[in-house]
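Read through the structure below, which is laid out as structure tokens, and then see the notes.
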Amino acid sequence: MSNPLNRRKFLGAAGAVGVTTVLASCAPAMGMGEAKPNLDATIFNFALNLEYLEAAFYLAAVGRLEELDSVGGNSSKVILPAGFTGKNGDGVKFQSADVRAYANEVATDELNHVRIIRKVLGFGAVAQPTLDLGPAFLAAGSAASGGAITGFNPFANDLFFLHGAFIFEDVGVSAYKGAARLLSDTSAGGNLENAAGILAVEAYHAGMIRTLLYQQRDTQVTPALKVSDVVQAISNLRDSVDGATDVDQGILENGAANIVLADSNGIAYSRTPRQVGNIVFLAVDAVKGGFYPDGLSGDFSKILAL
């Protein structure tokens, strides 16, 4: 996908006065004069923090991290494994042309997500926070494998890249799904519709990554762990920190393929902003750490409490 999302109404008045002003004036009435708090700008800034992370990960993997600067990001605030720059072609040494093509396409999608959300938020868009794509993956790999995987580097090879991507993709889908109920602008071409559009793209990405991992499900990652085992361990780790609910699944279910992550009704799962925070901070009720060592950019206390 080479073009950014281009929804005329989504951009609408944002170019003139910024989305914060627009959103502040459009909180709909509920019941007998009870106003629903308008959290649209807060939700989109929360999403922007996540998009910065995904864009940085994929751009670094394909040696295009410098492109993050072109859309208002800051590649110098991305922590990478020692000796790896992720810039000017210094990316993963992919062995598979298919995986390389996947990574390049998704890198462009995520870059466009940063671009479009920043454009809509205008002056209200938060700056990119410090992103950890080095030590955070070491911690996640060790935690997910019970210490069996040490030195996990998602930029080392095709398979580790796919596992790194898996950590993010399902989370993005559930985050946008969970945010839907919090958005106020439900007009045609408005915030809810466009959030759904981004959710759909993230779901395509998640389907691709789950399929690619399923195709290698029996490949040994360590003498004791196959790909399907590591994927299940990552899923279990996400479930262990996102609360009491069980909203995660691996790529096998009762021995059969489980590419589509959905409940018994075939509906994608939702996560609250707090649950998403628990995963990306790699700790319950944390406000920083993990992939965001200094925390997110912006004040999200209102939505993290929901």
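The values are calculated or read from the model by the stated rules, or taken from the named source; none is laboratory data. Remember, predicted model here, so these are calculated numbers, not experimental data. In this analysis, Cβ positions are derived from the backbone assuming ideal geometry, glycine residues included, and neighbour counts consider all displayed protein chains. Note: areas computed on protein heavy atoms with side chains; ligands, DNA, RNA excluded. Shrake-Rupley method; radii C 1.70, N 1.55, O 1.52, S 1.80 Å.
Restricting segment 158-197 to residues that are polar (S, T, N, Q) and within 21 Å of the chain's Cα centre (by Cα) leaves a set whose member that is surrounded by the fewest Cβ atoms within 10 Å (Cβ to Cβ) is ASN194. Residues in segment 123-136 that are under 30 Å from ILE149 (Cβ atoms) and in contact with a Ser or Thr (Cβ under 8 Å, 6 or more places away or on another chain) were compared, and the one that is surrounded by the most Cβ atoms within 10 Å (Cβ to Cβ) is GLN128. The number of residues in segment 263-282 that are open to solvent by 20 Å² or more (accessible area, probe 1.4 Å) and either in contact with a strand residue (DSSP E or B) (Cβ under 9 Å, 6 or more places away or on another chain) or in a loop (DSSP other than H, G, I, E, B) (or both) comes to 10.
Checking each residue in segment 208-222 for being within 15 Å of GLN232 (Cβ to Cβ) and not polar (S, T, N, Q) picks out ILE209, ARG210, LEU213, TYR214, ARG217, ASP218, VAL221. Before we move on, is GLY151 open to solvent by 10 Å² or more (accessible area, probe 1.4 Å), on the phi > 0 side of the Ramachandran plot, over 19 Å from the mean Cα position of the chain (by Cα) and touching a residue at least 40 places away in the same chain (Cβ under 8 Å)? Judged against the criteria, GLY151 is not a match. Suppose the filter is over 17 Å from the mean Cα position of the chain (by Cα) and either outside any loop (DSSP other than H, G, I, E, B) or touching a residue at least 24 places away in the same chain (Cβ under 8 Å) (or both); does ARG100 pass it? Yes. Tell me yes or no: at least one residue of segment 81-94 is open to solvent by 70 Å² or more (accessible area, probe 1.4 Å), farther than 26 Å from GLY289 by Cβ and free of Cβ contacts under 8 Å to residues at least 40 places away in the same chain. So far as segment 81-94 goes, yes, one or more of its residues are open to solvent by 70 Å² or more (accessible area, probe 1.4 Å), farther than 26 Å from GLY289 by Cβ and free of Cβ contacts under 8 Å to residues at least 40 places away in the same chain.
Screening ALA107, ALA139 for residues that are in contact (Cβ under 8 Å) with a residue 24 or more places away in the chain, within 19 Å of the chain's Cα centre (by Cα), over 16 Å from PHE46 (Cβ atoms) and surrounded by fewer than 22 Cβ atoms within 10 Å (Cβ to Cβ) leaves exactly one candidate, ALA139. Within segment 231-256, residues that are in contact (Cβ under 8 Å) with a residue 40 or more places away in the chain and open to solvent by 10 Å² or more (accessible area, probe 1.4 Å) reach partners that are among the hydroxyl-bearing types (Ser, Thr, Tyr) and in a loop (DSSP other than H, G, I, E, B) with beta carbons closer than 7 Å, at six or more positions or on different chains, in the pairs ALA233/SER145; VAL247/TYR269. Candidates ASN258, ASN191, ASN236: the one that is more than 21 Å from ALA101 (Cβ to Cβ), in contact with a helix residue (DSSP H, G or I) (Cβ under 9 Å, 6 or more places away or on another chain) and at pLDDT 95 or above is ASN258.
For every residue, the table says whether it meets (1) in contact with a Phe, Trp or Tyr (Cβ under 8 Å, 6 or more places away or on another chain); (2) charged (D, E, K, R); (3) on the phi < 0 side of the Ramachandran plot.
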| site | (1), (2), (3) |
| --- | --- |
| ALA103 | yes, no, yes |
| VAL106 | yes, no, yes |
| LYS119 | no, yes, yes |
| ALA125 | no, no, yes |
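Among the residues making up segment 200-227, those that are in contact (Cβ under 8 Å) with a residue 40 or more places away in the chain, open to solvent by 30 Å² or more (accessible area, probe 1.4 Å) and not small (Gly, Ala, Ser) are MET208, THR211, LEU212, TYR214, GLN216, THR219, VAL221, LEU225.
Could you list all residues from segment 283-306 that are touching a residue at least 60 places away in the same chain (Cβ under 8 Å) and either assigned to a helix (DSSP H, G or I) or crowded, with 20+ Cβ neighbours inside 10 Å (or both)? Those that are touching a residue at least 60 places away in the same chain (Cβ under 8 Å) and either assigned to a helix (DSSP H, G or I) or crowded, with 20+ Cβ neighbours inside 10 Å (or both): GLY290, PHE291, TYR292, LEU296, PHE300, LYS302, ILE303. Condition check: at pLDDT 95 or above, open to solvent by less than 50 Å² (accessible area, probe 1.4 Å), within 25 Å of ALA136 (Cβ to Cβ) and not in a helix (DSSP H, G or I). Does GLY73 satisfy that? Against the criterion (at pLDDT 95 or above, open to solvent by less than 50 Å² (accessible area, probe 1.4 Å), within 25 Å of ALA136 (Cβ to Cβ) and not in a helix (DSSP H, G or I)), GLY73 qualifies.
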